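Below you'll find the structure, written out as structure tokens, and then a few comments.
Just so it is clear, none of the values below were taken in a lab; they were calculated from the coordinates. Given the structure is predicted, the values throughout are model-derived calculations rather than measurements. Heads up, the Cβs are rebuilt from the backbone with ideal geometry, glycines too, and the neighbour counts pull from every protein chain shown.
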Amino acid sequence: MSDNAKVSNRIPVVLLGFGEAGQAFTAGWKAAGVPADLSAFDIKTNSPDTAEAKRADYAAHGVEGLTTLSGSGAVFSLVTADHAEAAAQDAAAVLAPGTLFFDCNSCSPGAKRHSAAALEAQGIRYVDVAVMAPVHPKLHHTPLLISGPHTQAAVECLHGLDMEAQIAGPDVGIASATKMVRSVMIKGIEALTLECLLAGRRAGVDEAVLASLDASMPGWNWPTRAAYNMERATTHGLRRAAEMREVARTVEELGLPADMSHATVAWQQRTGDLSLRLADGPEEYAGRADRISNAMAGTPRAAE
């Protein structure tokens, strides 16, 4: 095969947003030798406060950093939920017709349909994508759920990128609804963990509470799960709060009260605002609970 033929078989991929998910996908593709030409555009490169760090991210992962968004192959939108619709509107003005736009953001079905309408009007093929698990440790093999009118073309493209996806249905919004409704439970359990165990520590009954939970729900290993939930909620609390606002929007779009989702927003936002790095400190739930509790109370944090 000639060099020209090899080049022609490479998939041009643009990562719109280059945070945890974009970097994880890139690391997976690179390690697997996936034939893709990777570039990225992140709005943080437009800010003097964050531009240098983001350019360092591009260099560290071996991707071309774009100064403006452009593309004609596959674009993976991996911004935060609160910026997803604006990012889609901006993309509609600059991407080439025929581009596959994988909207991987955690948004309500209504938001996804608004984004799809803007992009489809310009001949850009919109794909509703739900990322159904944390991107670590599986990287580009993280399970995806997709829906919309272009799922067959999307599956072919994703297979070429060594990714796997299940088709949820022919309509935009089916994949996102699945993830949004699931998040009521997943992110809600994180919030309940915080409220339950911070209260338990202050009352001095946390060990008894966890023993009771383990007895009622065998196999959950609540102390380990609690420590994990606390780390996820603090490390990713701001992003989770943005997602949970979309979850609440989803529930309300369905004509139901979203009381639990709104309460989860409050806990995720609160812990995210603390800017704690629990992964750098004690691994057990008690130490993590104390660091969160002390930070919330404005007292010195527990020793690391």
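Take Gly219 and decide whether it is over 21 Å from Thr271 (Cβ atoms) and touching a residue at least 60 places away in the same chain (Cβ under 8 Å).
Details: over 21 Å from Thr271 (Cβ atoms): yes; touching a residue at least 60 places away in the same chain (Cβ under 8 Å): no.
In short, no.
What are the residues in segment 114-133 that are surrounded by fewer than 18 Cβ atoms within 10 Å (Cβ to Cβ) and touching a residue at least 40 places away in the same chain (Cβ under 8 Å), if any?
Listed by number, the list holds a single entry, Met132.
With Gln166, Gln89 as the choices, which residue is surrounded by fewer than 20 Cβ atoms within 10 Å (Cβ to Cβ), more than 16 Å from the chain's Cα centre (by Cα) and part of a helix (DSSP H, G or I)?
Of the residues listed, the single one that is surrounded by fewer than 20 Cβ atoms within 10 Å (Cβ to Cβ), more than 16 Å from the chain's Cα centre (by Cα) and part of a helix (DSSP H, G or I) is Gln89.
Taking segment 45-72, which residues are in contact (Cβ under 8 Å) with a residue 12 or more places away in the chain and either buried (at least 19 other Cβ atoms within 10 Å of the Cβ) or in a helix (DSSP H, G or I) (or both)? Spell out how you get there, then give the answer.
Taking segment 45-72 first, the residues in contact (Cβ under 8 Å) with a residue 12 or more places away in the chain are 45, 54, 57-58, 61-72.
Matches in segment 45-72: Thr45, Lys54, Asp57, Tyr58, His61, Val63, Leu69, Gly71.
Is it the case that Ser183 is within 30 Å of Gly33 (Cα to Cα), in contact with a helix residue (DSSP H, G or I) (Cβ under 8 Å, 6 or more places away or on another chain), part of a helix (DSSP H, G or I) and small (Gly, Ala, Ser)? First the steps, then the outcome.
Numbers: within 30 Å of Gly33 (Cα to Cα): no; in contact with a helix residue (DSSP H, G or I) (Cβ under 8 Å, 6 or more places away or on another chain): yes; part of a helix (DSSP H, G or I): yes; small (Gly, Ala, Ser): yes.
Considered against the rule, which asks whether it is within 30 Å of Gly33 (Cα to Cα), in contact with a helix residue (DSSP H, G or I) (Cβ under 8 Å, 6 or more places away or on another chain), part of a helix (DSSP H, G or I) and small (Gly, Ala, Ser), Ser183 comes out as no.
Yes or no: His83 under 19 Å from Ile43 (Cβ atoms) and assigned to a helix (DSSP H, G or I)?
Numbers: under 19 Å from Ile43 (Cβ atoms): yes; assigned to a helix (DSSP H, G or I): yes.
Judged against the criteria, His83 is a match.
Take segment 182-216 and flag every residue that is under 30 Å from Ala130 (Cβ atoms), small (Gly, Ala, Ser) and either out of contact with any Ser or Thr (no Cβ under 8 Å at 6 or more places or on another chain) or buried (at least 19 other Cβ atoms within 10 Å of the Cβ) (or both). Walk me through how you get there before you give the answer.
Here is the first cut: in segment 182-216, the residues under 30 Å from Ala130 (Cβ atoms) are 182-197, 213.
Now restrict to residues that are small (Gly, Ala, Ser): 183, 188, 191.
Within segment 182-216, Ser183, Ala191 qualify.
Go through Val135, Val94, Val79 for me and flag whichever is within 14 Å of the chain's Cα centre (by Cα), among the β-branched types (Val, Ile, Thr) and closer than 17 Å to Val14 by Cβ.
Values: Val135 fails: closer than 17 Å to Val14 by Cβ; Val94 fails: within 14 Å of the chain's Cα centre (by Cα).
Residue meeting the stated conditions: Val79.
Of all residues in segment 99-117, how many are hydroxyl-bearing (Ser, Thr, Tyr) and under 10 Å from Ala88 (Cα atoms)? Give the steps one after another, and end with the answer.
We begin by selecting, within segment 99-117, every residue hydroxyl-bearing (Ser, Thr, Tyr); these are 99, 106, 108, 115.
Still in the running and under 10 Å from Ala88 (Cα atoms): 115.
The qualifying residues number 1.
Can you pull out every residue in segment 162-179 that is touching a strand residue (DSSP E or B) at 6+ places or on another chain (Cβ under 8 Å) and under 19 Å from Pro134 (Cβ atoms)?
Applying the first criterion (touching a strand residue (DSSP E or B) at 6+ places or on another chain (Cβ under 8 Å)) to segment 162-179 yields 163-176, 178-179.
The answer is Met163, Glu164, Ala165, Gln166, Ala175, Ser176, Thr178, Lys179.
Could you identify the single residue in Val79, Val94, Val13, Val34 that is surrounded by fewer than 17 Cβ atoms within 10 Å (Cβ to Cβ), β-branched (Val, Ile, Thr) and within 23 Å of Cys157 (Cα to Cα)? Even if it seems obvious, please write down each step before you answer.
Details: Val79 fails: surrounded by fewer than 17 Cβ atoms within 10 Å (Cβ to Cβ); Val13 fails: surrounded by fewer than 17 Cβ atoms within 10 Å (Cβ to Cβ); Val34 fails: surrounded by fewer than 17 Cβ atoms within 10 Å (Cβ to Cβ).
That would be Val94, the only listed residue that is surrounded by fewer than 17 Cβ atoms within 10 Å (Cβ to Cβ), β-branched (Val, Ile, Thr) and within 23 Å of Cys157 (Cα to Cα).
Quick one: in segment 8-18, of everything that is without any contact (Cβ under 8 Å) to a residue 60 or more places away in the chain and not in a helix (DSSP H, G or I), which residue is farthest from Ala88 (Cα to Cα)? Please lay out each step first, then the result.
Let us first name the residues in segment 8-18 that are without any contact (Cβ under 8 Å) to a residue 60 or more places away in the chain, namely 8-10.
Within this subset, residues satisfying the condition of being not in a helix (DSSP H, G or I) are 9-10.
Details: Asn9: 27, Arg10: 25 Å.
Only one residue fits best here, namely Asn9.
Of all the residues that make up segment 31-44, how many are over 29 Å from Ala116 (Cβ atoms), part of a helix (DSSP H, G or I) and free of Cβ contacts under 8 Å to residues at least 40 places away in the same chain?
Start the filter on segment 31-44 by keeping residues that are over 29 Å from Ala116 (Cβ atoms), which leaves 31-33.
Narrowing the set further to residues that are part of a helix (DSSP H, G or I) leaves 31-32.
With free of Cβ contacts under 8 Å to residues at least 40 places away in the same chain added as a condition, the list becomes none.
Here the count works out to 0.
Taking the conditions exactly as written (over 23 Å from Gly255 (Cβ atoms) and in a helix (DSSP H, G or I)), does Ala154 satisfy them or not? Can you show your working first?
Details: over 23 Å from Gly255 (Cβ atoms): yes; in a helix (DSSP H, G or I): yes.
In short, yes.
Can you tell me which residue is surrounded by the fewest Cβ atoms within 10 Å (Cβ to Cβ) among those in segment 267-289 that are free of Cβ contacts under 8 Å to residues at least 60 places away in the same chain, assigned to a helix (DSSP H, G or I) and not charged (D, E, K, R)? Please lay out each step first, then the result.
Initially, segment 267-289 is screened for residues free of Cβ contacts under 8 Å to residues at least 60 places away in the same chain, giving 269-270, 272-283, 287.
Of the ones still in play, those that are also assigned to a helix (DSSP H, G or I) are 269-270, 272-273, 278-280, 287.
Checking which are not charged (D, E, K, R) leaves us with 269, 272, 278-279, 287.
On the way: Gln269: 16, Gly272: 19, Leu278: 23, Ala279: 11, Gly287: 17.
Ranking the candidates gives Ala279 first.
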